[in-house]
Amino acid sequence: MTSILYLGGTGTISAACVRRSIERGHDVTVVNRGSARRALPDGVTVISADIHDAAALTAALGGREFDTVADFLSFTPADLERNLGVFEGHTGQYIFISSASAYQKPPARLPITEQTPLENPFWQYSRDKIACEDLLFGAHRERGLPVTVVRPSHTYDEQSIPTLGGWTDIARMRAGRPVIVHGDGTSLWTITHSDDFAVAFTGLVGRSEAIGEAHTITGSHAPTWNQIYGWLADAAGVSSPELVHVASDAIAALTPEIGPTLLGDKAHSIVFDNSKVQALVPEFATTITFDEGARRILAHHDNHPEAQVVDADRDAQFDRLAAYAAAVG
């Protein structure tokens, strides 16, 4: 039985991986601070500790070692150095969750593969992930750190709405108000359900062939943004949503907090080649397309009124963007 420690374990991606690990018969332990965003399945051992406190984490682990450590919580080299101080030498595989947003933006060619350069001048999050990868692969070359890097792109579950406004967009649709879509809505966007991602991820656990390698895990489903918003509208019971298209540069200028993730990722057509991970995990495939995903999202939110949170600031920003679009014609 493979023992695996998840740093995290209740997020959009990691919760699905934990469930899949239990289904595969892994001995699963999760470290978090007790503020679980998603329920953990039976059979999971939970260690309550602050991942940012190396001494407290070491004490909470009590000398346990693991076949695999899956790090969903390191975002900067400082995060990684702290965690490697705890786990290096105590695990046979350290899986780091990077990001497909680290790939060259805008991409020079499609599909994106693991050989695509890592460079993102727009988004600090992506540059930090690149720096983390540099640190890890350097440690692999210099001292044999048994690292595996995975690069997910836009991965979602029923609790997450993959649009600029999240539930605010759904509320605007249902109220007959304009919904902002970046660009002309025709760019292709690879979107992956977390349950599909988990198949590939857990298939890499314990695989010696994955050590020292990076793998893209995104699936093959790449609808347009107009389709994504349209499927959400259908699931929300809105037959003719008012989609207002605004240039990505204009959105970034008028709503600066959206700019980095938009210009550094979502503004471009993004399609991936997953053949590398599929060579090791042939059962990995896209089984949940977003038409079905949208129905699951709306069913969840309609059954959980507490999740129907409208962001007042973002709502007002969308009104300004809609007015801007009307003014520029």
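All of the numbers you see were taken from the coordinates with simple rules; none came from a lab. All values reported here derive from a predicted model rather than from experimental measurement. Positions of Cβ are generated from backbone atoms using ideal geometry, with glycine treated the same way; all protein chains shown enter the neighbour counts.
Starting from 0.36 nm per residue, how many nanometres of slack lie between ILE47 and ALA279 once their C-alpha separation is accounted for? Each step should come with its number before you reach the end.
Values: separation 232, 0.36 × 232 = 83.52 nm, distance 3.42 nm.
The ILE47-ALA279 span can extend by a further 80.1 nm.
Taking every DSSP helix (H) stretch of at least 4 residues in the chain, weighting each as -39,500 (n - 2.57) and dividing the sum by the residue count yields a mean residue ellipticity at 222 nm of -11500 deg cm²/dmol.
For LYS129, a cut-off of 17 angstrom between C-alpha atoms picks up these aspartates and glutamates, skipping any fewer than 8 places away in its own chain: ASP71, ASP79, GLU81, GLU114, GLU119, GLU213, ASP265.
Here the stretch 1-124 is assigned +1 on the Cβ of each Lys and Arg and -1 on the Cβ of each Asp and Glu. Its dipole about the Cα centre then comes out at about 460 debye.
For the chain, the residue among ALA200, ALA139, THR224 whose Cα projects farthest onto the positive side of the dipole built from Cβ charges is THR224.
All C-alpha pair distances within the stretch 44-107, sorted into 10 Å bins from zero, spread as 18, 51, 20, 8, 2 percent across the bins. Rounded to the nearest 10 degrees, the angle from helix 225-235 to the longest Cα principal axis of the chain is 80 degrees. As I understand it, the value is the acute angle between the Cα axis of helix 77-87 and the longest principal axis of the Cα atoms of the chain; what does it come to in degrees, rounded to 10? In the chain, helix 77-87 runs at an angle near 30 degrees to the longest axis.
Please give the contour-minus-distance gain from ARG141 to SER239: 0.36 nm per residue of separation, less the Cα-Cα distance, rounded to one decimal in nm.
Numbers: separation 98, 0.36 × 98 = 35.28 nm, distance 5.56 nm.
Gain in length upon complete extension: 29.7 nm.
Relative to the longest principal Cα axis of the chain, at what angle does helix 312-328 sit, 0 to 90 degrees, rounded to 10? Approximately 50 degrees, to the nearest ten. The base-10 log of I(q)/I(0) for the stretch 1-112, evaluated at q = 0.12, 0.14, 0.19, 0.21 Å⁻¹, reads -0.44, -0.58, -0.98, -1.15 [Debye formula, identical scatterers on Cα atoms, solvent excluded]. Quick check for me: using +1 on Lys/Arg Cβ and -1 on Asp/Glu Cβ, what's the dipole size of the stretch 104-210 about its Cα centre, in debye to the nearest 20? Dipole about the Cα centre, nearest 20: 240 debye.
Taking label points 7 Å from Cα along the Cα-to-Cβ direction, ARG207 and ARG320 give a separation of 4.7 nm. Between ALA56 and SER220, the C-beta separation translates, for a Förster distance of 30 Å, into a calculated FRET efficiency of about 0.10.
Under the 0.36 nm per residue contour assumption, what length would be gained going from the current alpha-carbon distance of VAL309 and VAL271 to full extension? Display every interim value, and only then the final one.
Values: separation 38, 0.36 × 38 = 13.68 nm, distance 3.12 nm.
Value of the extension gain: 10.6 nm.
Shape summary: the chain maps onto an equivalent ellipsoid whose semi-axes, from the alpha-carbon gyration tensor, are 35, 22, 19 Å in decreasing order. The Cα-based radius of gyration of the stretch 257-329, divided by its Kirkwood radius, gives an Rg/Rh of 1.11. With N the number of residues in the stretch 238-280, Rg(Cα) / (2.2 N^0.38 Å) evaluates to 1.73.
Can you give the convex hull volume of the alpha carbon atoms of the stretch 110-184 per residue, in Å³? If you can, show how the numbers build up before the last one.
On the way: hull volume 11.3 nm³, N = 75.
So the per-residue Cα hull volume is 150 Å³.
For the stretch 193-284, pairs of C-alpha atoms spaced more than 17 angstrom apart make up 65 percent of the total.
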